[in-house]
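Here is the structure we will look at.
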Amino acid sequence: SQESRCKYRQNVIDNSRKAEFIRVKLMSKLTIITGPMFAGKTEELLRRINRCQISNNKYLLFKPSLDNRYSSADVVSHQKNKARAIVLQSSNEIDKYASQEKEQTIFFFDELQFFDEGISEKINFLLKRGFLVIGAGLDKNFRGEPFNEVMKSLLSLADEVIKLKAICQVCQGEASYTQRIISGQPAAFDSPLVLIGGQEGYEARCRQCYACPRS
Ligand code: TTP
Ligand code: MG
């Protein structure tokens, strides 16, 4: 009858909605790769991107416009691996990618600590849409404190936090701190938060070898 056909169709719709809902719930996940400088965060991000390339899984890689250590839109690791990235001036630009991508697309972010404060809301929106999001960022600044509000909220939003360690450049132990060095000396506590650099201005240090004098 007309009525049972209607019921059947409604059932099919309900079940496929349920399946879609469960799939989105299973799929969406935020992984944050963190730790000090020289820990291999970017390397780990690029390793995962390489797996996407091999398996033909579509991905997008974003980096903030602030990080100009390497020219162009490449994300480059210390091992000189690299991948082409989309440079974002503002986290608002993420909306247009969220609306045009299929849920299979994986969203990668490097240098999360340098995005503006809207980034965690945008990432939460991606997760609600069912996307997998994988990002790398510093947990601590050179002062040994949580890097900033952006990293605090992303680390709390994360489903999985991968803490990588570097090697202490003084004692060769495991390093979880980043030492800023200015003219061969540990930078003072009131030195500015953002100072783009690599081996020239920074070292990985363990808790015991790390120092940040307060003037
Ligand atoms: P990272 O990508 O964290 O450093 P990295 O490439 O050495 O680490 P990894 O191998 O794990 O990817 O980039 C850190 C950037 O942040 C770098 O440009 C220096 C800057 N920075 C600050 O501006 N302030 C700080 O307090 C610290 C610790 C770093
Ligand atoms: Mg890096």
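Taking region 98-141 as the range and being acidic (Asp, Glu) and either more than 13 Å from ligand 1 (Cβ to nearest atom) or free of Cβ contacts under 8 Å to residues at least 40 places away in the same chain (or both) as the test, the residues that pass are Glu101, Glu103, Asp116, Glu117, Glu121.
Here's the yes/no breakdown for (1) away from ligand 1 (no atom under 13 Å from the Cβ); (2) surrounded by fewer than 11 Cβ atoms within 10 Å (Cβ to Cβ); (3) in contact (Cβ under 8 Å) with a residue 60 or more places away in the chain; (4) farther than 30 Å from His78 by Cα:
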| site | (1), (2), (3), (4) |
| --- | --- |
| Asn15 | yes, yes, no, yes |
| Thr31 | yes, no, yes, no |
| Leu45 | no, no, yes, no |
| Cys52 | yes, no, no, no |
| Ser55 | yes, yes, no, no |
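Return the residues of region 166-186 that are over 21 Å from the mean Cα position of the chain (by Cα), closer than 11 Å to Tyr210 by Cβ and outside any loop (DSSP other than H, G, I, E, B); say none if nothing qualifies. Passing the criteria: Gln179, Arg180, Pro186.
Which count do you get for residues in region 170-199 that are under 20 Å from Gly35 (Cβ atoms), out of contact with any Pro (no Cβ under 9 Å at 6 or more places or on another chain) and not hydrophobic (A, V, I, L, M, F, W, C)? Of the residues in region 170-199, 6 are under 20 Å from Gly35 (Cβ atoms), out of contact with any Pro (no Cβ under 9 Å at 6 or more places or on another chain) and not hydrophobic (A, V, I, L, M, F, W, C). Filter region 78-129 down to the residues that are of a type in the set (Asp, Glu), surrounded by 13 or more Cβ atoms within 10 Å (Cβ to Cβ) and part of a loop (DSSP other than H, G, I, E, B) and list them by number. Of everything in region 78-129, those that are of a type in the set (Asp, Glu), surrounded by 13 or more Cβ atoms within 10 Å (Cβ to Cβ) and part of a loop (DSSP other than H, G, I, E, B) turn out to be Glu101, Glu103, Asp110, Glu111, Asp116. Taken over region 158-215, the residue count meeting the criterion of being among the hydroxyl-bearing types (Ser, Thr, Tyr) and in contact (Cβ under 8 Å) with a residue 60 or more places away in the chain is 5.
A short reminder: the numbers here are calculations on the coordinates, not readings from a lab. All figures in this text were calculated on a predicted structure; none of them were measured in a lab. Every residue, glycine as well, gets a Cβ built from its backbone with ideal geometry; the counts of neighbours run over all protein chains shown.
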